Amino acid sequence: MNQDEAALADWQPRFAEWVKEAGPFLAKGKAKEAFAIYPWFSGEGDPFMSLAKPASQTRFGLITTGGYSIEGEQEPFRAGPSFDDTAPEIRTIPLDVDRKKLRIDHMGYDHRFAKEDINCNLPLDRLKEMEEAGEIGSLAPETQVVMGLQPNVTPLIQHLIPELVSRFKSDSVEAALLVPS
């Protein structure tokens, strides 16, 4: 068992207890109170690495937790968070998607700013500009979109992260940019 698996095994009972304690708060729409007692997970080691080469020569992949899907082409994300071991859903958004077809399914944040400028949490246009200016080497042709507000980290670590890594490897991505909602 590696260190993160050991940390996850230690965290899981604390999460199960939190679900019981937070349930009444969440049922009353008091998410702030529920998450004030959330047992935050912390893995071992540093999750960040330095690039092996300049950004201008690196292929980047984009992940957003904004909960976007393409209207009429993709199923909407589940409406709320999952507290069980259900693996988080992933949607793929092509860089050239018609921005007018994008829908925000995520109910956990104020959509006002994303509706004013989608680039605040889905920076497709800004990254394309950076690619054209030579500031980044290239950008993967598809953005990986997940739903934020995933309180159970177990399926994130065991399912979501390996799936995202696999997708990026198949597209020769060398560095991932995570844009939270």
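See the values below:
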{"quantity": "Counted charge near Ile93, where neighbours are those whose Cβ lies closer than 14 Å (Asp, Glu -1; Lys, Arg +1)", "calculated": "-3"}
{"quantity": "Residue order, fewest to most surrounding Cβ atoms within 10 angstrom, among Leu62, Leu178", "calculated": "Leu178, Leu62"}
{"quantity": "Which label in [x] 56, 31, 31; [y] 46, 34, 31; [z] 50, 39, 25 gives the computed Cα extents along the principal axes in Å", "calculated": "[z]"}
{"quantity": "Whole-Hz ³J(HN,Hα) from phi, Karplus 6.51 cos²θ - 1.76 cosθ + 1.60, for the stretch 170-181, glycine and proline x", "calculated": "5, 10, 6, 6, 9, 8, 10, 9, 9, 10, x, 8"}
{"quantity": "Residues whose placed amide H lies under 5 Å from that of Leu102, excluding near-sequence neighbours", "calculated": "Glu71"}
{"quantity": "Order of Glu44, Glu131 under a 10 Å beta carbon neighbour criterion, fewest first", "calculated": "Glu44, Glu131"}
{"quantity": "Inter-label distance, nm, simple model (7 Å from Cα along the C-beta direction), Thr58/Glu33", "calculated": "4.4 nm"}
{"quantity": "Order of Trp18, Trp40 - criterion: other Cβ atoms within 10 Å of each residue's Cβ, fewest first", "calculated": "Trp40, Trp18"}
{"quantity": "Placed amide H near Ser138: partners under 5 Å, 5+ positions off or other chain", "calculated": "Thr58, Arg59, Phe60"}
{"quantity": "Calculated from backbone phi, Karplus (6.51, -1.76, 1.60) coupling profile of the stretch 95-100 in Hz, x at Gly/Pro", "calculated": "4, 8, 4, 5, 4, 5"}
{"quantity": "Sequence-distant lysines (8 or more away, or on other chains) whose Cα lies within less than 17 Å of Lys100", "calculated": "Lys115"}
{"quantity": "Using θ = phi - 60° and Karplus 6.51 cos²θ - 1.76 cosθ + 1.60, couplings along the stretch 112-127 (whole Hz; Gly, Pro as x)", "calculated": "3, 6, 5, 6, 5, 8, 4, 5, 5, 9, 9, x, 4, 5, 5, 5"}
{"quantity": "Approximate spin-label separation Ala87-Asp110, in nm, with each point projected 7 Å along Cα-to-Cβ", "calculated": "3.6 nm"}
{"quantity": "Value of relative contact order over the stretch 1-62, rounded to a whole percent, pairs C-alpha under 8 Å and six or more apart", "calculated": "38 percent"}
{"quantity": "Listed residues Ser50, Phe60, Ile37: farthest to the positive end of the dipole of the chain (Cβ charges)", "calculated": "Ile37"}
{"quantity": "Length released on extending from Lys20 to Glu44, taking residue separation times 0.36 nm less the Cα-Cα span", "calculated": "6.0 nm"}
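Taken together, the values in this text are just the output of simple stated rules run on the coordinates, not laboratory data. In this text the structure is predicted, and so the values were computed from the model without any measurement. Here the Cβ is made from the backbone with ideal geometry for all residues, glycine too, and neighbour counts use every protein chain on show.
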